[in-house]
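Contents: one structure, followed by commentary.
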Amino acid sequence: MSPGRVVDHPDPATRAAQGRAARAAVPRSRHGEWDPPTTRPSPVRVLQEQAKSRVPELVPIRDARMTASPFERDFETVGAAVANGVLEAHEDAPR
């Protein structure tokens, strides 16, 4: 965002309506459902391939950060390639 740019935010009623619409599209009961497509590459293999182009001394640090907690940094930690694969495969993912 550039300095001085004004961002219009929806009012609370609009945000609530947007939330209700999103909940209708993807109810909570579906949040735990996900079957990865058979064509999805292995996330471990993706990270191993990426490691080949990384600074070798830093790869163990990256791996340690990812294994500390699977939810600590979400997609930011696992890498864009893995996150992109998950989002592309999920029909309800934001586009």
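The values are calculated or read from the model by the stated rules, or taken from the named source; none is laboratory data. All values derive from a computational prediction rather than experimental measurement. We place every Cβ from the backbone using ideal geometry, glycine too, and count neighbours over all the protein chains shown. What goes into the accessible areas is simple: the full protein's heavy atoms, side chains included, and nothing from ligands, DNA or RNA. Shrake-Rupley method; radii C 1.70, N 1.55, O 1.52, S 1.80 Å.
Is at least one residue of the stretch 8-24 at pLDDT below 85 and out of contact with any helix residue (DSSP H, G or I) (no Cβ under 8 Å at 6 or more places or on another chain)? Lay out the reasoning, then the answer.
Going residue by residue through the stretch 8-24, those that are at pLDDT below 85 are none.
For the stretch 8-24, residues at pLDDT below 85 and out of contact with any helix residue (DSSP H, G or I) (no Cβ under 8 Å at 6 or more places or on another chain): absent.
In the stretch 42-57 there is at least one residue matching the filter, namely being open to solvent by 80 Å² or more (accessible area, probe 1.4 Å), at pLDDT below 85 and within 21 Å of the chain's Cα centre (by Cα).
How about the stretch 15-55: which of its residues are within 17 Å of MET66 (Cβ to Cβ) and among the charged types (D, E, K, R)? Result: ARG45, GLU49, LYS52, ARG54. Screening ALA64 with (1) among the small types (Gly, Ala, Ser); (2) at pLDDT 85 or above; (3) assigned to a helix (DSSP H, G or I) gives one miss only, at (2).
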